[in-house]
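Just so you know, all these numbers are worked out from the coordinates, no wet-lab data involved. Please read these numbers as outputs of a predicted model, since none were measured by experiment. Here the Cβ is made from the backbone with ideal geometry for all residues, glycine too, and neighbour counts use every protein chain on show.
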Amino acid sequence: MKDGIYKTKDARYFVQNGKVIMNVKGVGWFKTTKHFASWATWVEDLNPAMVTNFDNAYAEAKQW
């Protein structure tokens, strides 16, 4: 799976180096697996700030 941002109707997925952070509308941020993001449509690359802060955000996210 390519690094970047993916979306579905109810969620966005942020992927970097095989790690996936999911933002579910109205629910919050979670770490999950690429299985969930595989159903989403690729939108764009992560911006430089997202790349820099990805590991910190991943560490703080709850497990789905």
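Here the Karplus curve 6.51 cos²θ - 1.76 cosθ + 1.60, taken at θ = phi - 60°, turns the phi angles of the stretch 26-43 into couplings of x, 10, x, 9, 9, 8, 8, 10, 5, 4, 5, 5, 5, 8, 9, 9, 5, 10 Hz, with x standing for Gly and Pro. Values of log10 I(q)/I(0) for the chain across q = 0.14, 0.19 Å⁻¹ run -0.32, -0.62, by the Debye formula with one identical scatterer at each alpha carbon and no solvent.
Think of it as helices only: each DSSP H run of n ≥ 4 in the chain is worth -39500 (n - 2.57), and spread over all residues that comes to -7500 deg cm²/dmol at 222 nm. When the chain is described by a simple charge dipole with +1 on each Lys and Arg Cβ and -1 on each Asp and Glu Cβ, the residue from Y58, G28, Q16 located farthest towards its positive end is G28. Scanning residues 5 or more positions from V20 or on other chains, those with amide H under 5 Å from its amide H are T32, with H placed 1.01 Å from N in the peptide plane. Over the chain, what is the relative contact order in whole percent, taking alpha-carbon pairs under 8 Å and six or more residues apart? With pairs under 8 Å counted, the relative contact order is 34 percent. Charge dipole of the stretch 4-63 (Cα centre as origin; +1 on each Lys and Arg Cβ, -1 on each Asp and Glu Cβ, all else neutral): 240 debye, rounded to the nearest 20. The number of Lys pairs in the chain with C-alpha atoms less than 19 Å apart, excluding pairs fewer than 8 positions apart on the same chain, is 17.
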